[in-house]
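These notes concern the structure reproduced below.
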Ligand SMILES: Cc1cc2nc3c(=O)[nH]c(=O)nc-3n(C[C@H](O)[C@H](O)[C@H](O)COP(=O)(O)OP(=O)(O)OC[C@H]3O[C@@H](n4cnc5c(N)ncnc54)[C@H](O)[C@@H]3O)c2cc1C
Ligand code: SF4
């Protein structure tokens, strides 16, 4: 175990400093500075080897957290990365982007600040890359079986890497011009620089995974139909994400300047990397309103501030959560508390308990929003009379989540069945009703998180491998029905 007295000697949790706001607003680089190795190892030593590590159940990947905390504390970095990679294909993604449900389940967190698990994770993988220890692991022999993975987000990438390493010949099809799914064009550079993704893709290519970009599977005109692909490959993994955005159902929502976050963010991501984006939607000099207070909203906020917005207001219909765990969400659950993402430190105003009644415009373009305060009563939002007001806006970004995957061509061409939420149904092995066709990630689970997508990709790979060969030694971290820990 890590230092038996570590949690008694070092009661404080310490994380690397974030770069000063005025400086980081001038660029698109990640916001964290490095943490010294001695500080990091001291933090890892706080892991108390509690006996029943609830962090394992908090993490959908079942990461072996106490083991690598111990190894990190001892400075045994080669062993630490071995244990980390045993359960997680891409710790450099989760170590930067995961909301860390492991930490809210950490036993030390019952009466002290929890261990900085996510920071130990990212430091371990970054050290491994720096030391040249992340090498390609091509299979020793090929199975002669072929798999097409559709979609190159974290679910598709995890499934592809597992199946390639198991000896199958894997091609990943992606409709965008570059590989990565939301890691590439959703998540801004200041949360994860794209060279981090490219570095991992180089490893995957060297292992034998092939990538085909610019192919929209289902497009019959482009001769890329689902059924064609099913005939050409021994198995197919659908990992197309949940890309249908929730709309704003109020008058005026179709005015110019009311834009979906996933229209705005990919443009900004491309531009931040020096790509010319014709007619780019910009926040520069505008009053920007973001509707929706989650990760996507925070990403819009950081982006609008870097583009030089005059003001940014984020609206959330739910009441403002408290700073402490509510009694109804006890340890080890992931509680709804007031969280401050890096973008929230940088500026903008957060308004809670408001609903949009109307988008106001002039000459076809948005000029403001009409809002009303709401109370949450018996699970319903009740408008508070007399609280109506109008606030100015020349750009309104909709970040209200996603309703599910875009399945029109899948259903038409393959006859894949959907559940009552519009997600693709699957059995315990992640196979859909169509033999040999599997589904992983947000397309099957609904809008979720990167860590769940990786876990689904790994588990679906087990299902595919077993279907192709009759048995599988690949891990299966979660079942399709597993959900976050709740009371
Ligand atoms: C703006 C934003 C920020 C987020 N931030 C975080 C965060 O900080 N932390 C976190 O844990 N989660 C975050 N999430 C959620 C997380 O990104 C997703 O849960 C995760 O990416 C889902 O992975 P996936 O592989 O299932 O799908 P995706 O990442 O959505 O990838 C699906 C891919 O399939 C491709 N595709 C779709 N249809 C086809 C087709 N017919 N043919 C070919 N290709 C196709 C798409 O182009 C896309 O590249 C965020 C989501 C958004 C929108
Ligand atoms: S992947 Fe997320 S939940 Fe799992 S150990 Fe890392 S930060 Fe924690």
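What follows draws every value from the coordinates through simple rules; no lab data is involved. The structure displayed is predicted, hence computed values, not measured ones. Heads up, the Cβs are rebuilt from the backbone with ideal geometry, glycines too, and the neighbour counts pull from every protein chain shown.
Eigenvalues of the alpha-carbon gyration tensor of the chain, scaled by 5 and square-rooted, set the equivalent ellipsoid semi-axes at 35, 31, 22 angstrom, largest first. Please report how far the C-alpha centroid of segment 446-483 lies from that of segment 311-362, rounded to the nearest whole angstrom. For segment 446-483 versus segment 311-362, the Cα centre distance is 33 Å. Taking the number of Cβ atoms within 10 Å of each Cβ as an exposure proxy, the fewest-first ranking of 396, 372 is 372, 396. Set the Cα radius of gyration of segment 6-130 against 2.2 N^0.38 Å, with N its number of residues, and you get 1.03. DSSP bridge analysis restricted to segment 247-400 gives an antiparallel fraction near 50%, rounded to the nearest 5.
Temperature 20 °C, viscosity 1.002 mPa s: under these conditions the Stokes-Einstein estimate for segment 123-264, based on its Kirkwood radius over C-alpha pairs, is 126 µm² per second.
Our helix-only sum for the chain, with -39,500 (n - 2.57) per DSSP H run of n ≥ 4 divided by its residues, gives a mean residue ellipticity at 222 nm of -9000 deg cm²/dmol. For the pair segment 167-231 / segment 27-86, the C-alpha centres are spaced 29 Å from each other. In the frame of its principal axes, segment 66-184 has Cα extents of 51, 29, 24 Å, reported largest first. Value of Rg to Rh for segment 380-487, rounded to two decimals, is 1.17; Kirkwood radius and Rg both from alpha-carbon coordinates. Residue exposure proxy: 256, 39, ordered by other Cβ atoms within 10 angstrom of their Cβ from fewest to most, comes out as 256, 39. Residues 486, 172, arranged from fewest to most other Cβ atoms within 10 angstrom of their Cβ, appear as 486, 172. Sorting 119-125, 320-326 by their mean Cβ neighbour count within 10 Å, with the most densely packed peptide first, gives 119-125, 320-326.
As a test of understanding, state the convex hull volume per residue of segment 446-487 from its alpha carbons, in Å³.
84 Å³
When restricted to Cα atoms, segment 247-400 yields an Rg and a Dmax of 16.4, 53 Å, respectively.
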